[in-house]
Amino acid sequence: MGFEELLEQVGGFGPFQLRNVALLALPRVLLPLHFLLPIFLAAVPAHRCALPGAPANFSHQDVWLEAHLPREPDGTLSSCLRFAYPQALPNTTLGEERQSRGELEDEPATVPCSQGWEYDHSEFSSTIATESQWDLVCEQKGLNRAASTFFFAGVLVGAVAFGYLSDRFGRRRLLLVAYVSTLVLGLASAASVSYVMFAITRTLTGSALAGFTIIVMPLELEWLDVEHRTVAGVLSSTFWTGGVMLLALVGYLIRDWRWLLLAVTLPCAPGILSLWWVPESARWLLTQGHVKEAHRYLLHCARLNGRPVCEDSFSQEAVSKVAAGEQVVRRPSYLDLFRTPRLRHISLCCVVVWFGVNFSYYGLSLDVSGLGLNVYQTQLLFGAVELPSKLLVYLSVRYAGRRLTQAGTLLGTALAFGTRLLVSSDMKSWSTVLAVMGKAFSEAAFTTAYLFTSELYPTVLRQTGMGLTALVGRLGGSLAPLAALLDGVWLSLPKLTYGGIALLAAGTALLLPETRQAQLPETIQDVERKSVPTSLQEEEMPMKQVQN
């Protein structure tokens, strides 16, 4: 008898599992609140050089500003430069006198803003860019983008650490560590007195939040039978979408970055309390030989699900026999993914696909400027469009196949980026439509990637393969904010980069074998012998995990 038979006896889907899904919904909601927080936290409002000495009741403010600030090529007043000396404008009396003497012909000298900046506080009362003594604009704007990169780099490192530690010490204990660490580090970030302190604490917060992405999905699925994993996966993936839309509401209600960071961090406190009712994975307990504790959890599951169990077939001795078969003899290695030719081909292609999926998704999600809506409406719309994209994936993978769906959604993302380059900046409505379409395609690509990748790897290396691709994906997510700085070289270069990488990933996806109506490979030999064996069990379709 194996663990699946034990689970069938106690109930593989019932009140116990539904309660578990509900208790683990909070981490799924918290993830997008933090991952997409830079949209509001690091927003850069309109700004200009601080110009002391301006008359309090100056009736011609625009004229006075033109005397102190140069204009950009697009006709707007400069945000980063001012004239070394106030300029007498041609249409003034002094300007006409100086023009008659030929003093206005030379290009006036400009200097950086030496006395700080004045910000437009109509939309945000405070962000890290406008923080006193930080001023992460103009020459310092790279530090603003780097804050997001530091955060995602922390997620990358944390994913590796929590993956190893949760396998060794258990899912529940490490979930507690993730909750407590996120709460403490989030509070420290909100209280930061310098940019360096903020960057360090946000990086460590990213590492702590990685525990949610690594632990929550296995802890939930390991208590579900095969038949109901798809239903639970669909239900659980909507919590991420709910978090995306909730962020728009929270950002709208709280305009100060410190209070906003506090608002998305404090829910960790009730999350810590909820762990009292979250069960440890019985499957993990059996692999570690903790038979008594696993037996206790299984009996509790049967009691909540209203399943009577036979004491003879469900005694602690019977569970011990199952534990003997579940214990791991040899742990897989990342090197096993590259030892054989076909598995090496799959791994290299999946690495490119996952990098492209994450790079384009976060490149689009973190850039909500240049659209016809304000930042709050855009964020709400970006969240709402994720729901139909999940339905698109569900239908497409069943009828068109995994490979074409993965390539098609990435191609759609690339085309959305490319078409936006051709749309004039004045056509706000078209730009908004293309951005929303791109978000829908990128979300669909993300959802498909989890399904497709898990079916390509054999059972003995499935978690290892998913770990590798998630690691590279986080690298793509950490580089996405930095790519936005390429607008200093050419305004359209960031979108061209995001679209180009997505197009490369789409082409690479076509090199992967199709897995629709194919049996999941169990061993490395299954992968090497044939493309993929026959007759897939759709019930094992894993939907998108929380870590977008």
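Once the Cα-Cα distance is subtracted from the 0.36 nm per residue extended length, the GLN377 to LEU486 segment shows a gain of 36.6 nm. In the context of the full protein assembly, MET466 retains an accessible surface of approximately 20 Å², using a probe radius of 1.4 Å and ignoring ligands and nucleic acids. Carbon-plus-sulfur accessible fraction, region 335-521 (probe radius 1.4 Å, protein heavy atoms only): 70%. Computed from label points 7 Å out along Cα-Cβ, the spacing between ARG296 and ALA109 is 7.9 nm. Judged by the ratio a/c of the largest to the smallest principal axis of the C-alpha gyration tensor, region 1-49 counts as prolate, that ratio being 1.5 or greater while a/b is larger than b/c. Here the 3J(HN,Hα) profile of region 499-509, calculated from phi with Karplus coefficients 6.51, -1.76 and 1.60 at θ = phi - 60°, is x, x, 5, 5, 5, 4, 5, 5, x, 5, 4 Hz, Gly and Pro shown as x.
Each Lys and Arg adds +1 at its Cβ and each Asp and Glu adds -1 at its Cβ; summed about the Cα centre, region 335-521 shows a dipole of about 440 debye. The H on the amide N of THR110, modeled in the peptide plane, is under 5 Å from the matching H of ALA84, each at least 5 residues off or on a different chain. Available extension along the chain between ASP120 and ARG19 is 31.7 nm, counting 0.36 nm per residue and deducting the alpha carbon span. Couplings for region 263-277, taken from phi via the Karplus curve 6.51 cos²θ - 1.76 cosθ + 1.60 with θ = phi - 60°, read 5, 8, 9, 4, x, 5, 5, x, x, 5, 5, 5, 5, 4, 9 Hz in order; Gly and Pro are left as x.
Taking the 1.4 Å solvent-accessible surface of region 157-259 as the whole, the part contributed by carbon and sulfur is 75%.
In this simple spin-label model, placing a label point 7 Å from the Cα along the Cα-to-Cβ direction at both GLU139 and ALA400 gives a separation of 5.0 nm.
In region 335-521, inverting the average of 1/r over every pair of distinct C-alpha atoms gives 16.8 Å as the Kirkwood radius. The calculated FRET efficiency for TRP430 paired with SER194, based on their beta-carbon distance and R0 = 35 Å, is about 0.25. Remark: region 189-197, residue by residue, has Karplus-estimated 3J(HN,Hα) of 5, 5, 9, 4, 9, 8, 5, 4, 4 Hz, where x stands for each Gly or Pro and the curve is 6.51 cos²θ - 1.76 cosθ + 1.60 at θ = phi - 60°. Excluding ligands, DNA and RNA, the accessible surface per residue across region 335-521 is 38 Å² with a 1.4 Å probe. Spin-label model, THR238 to ARG71: label points 7 Å out along the Cα-to-beta-carbon direction sit 5.3 nm apart. Once backbone amide H atoms are built at 1.01 Å from N, ALA46 has ASP120 as its partners under 5 Å, excluding neighbours fewer than 5 places away on the same chain.
The values are calculated or read from the model by the stated rules, or taken from the named source; none is laboratory data. Just so we're clear, the structure is a prediction, and the values are computed from it rather than from any experiment. Cβ sites come from the backbone with ideal geometry, for glycine too, and all protein chains shown count toward neighbours. For the accessible areas, the whole protein counts, side chains as well, though only heavy atoms, and no ligand, DNA or RNA atoms are used. Shrake-Rupley method; radii C 1.70, N 1.55, O 1.52, S 1.80 Å.
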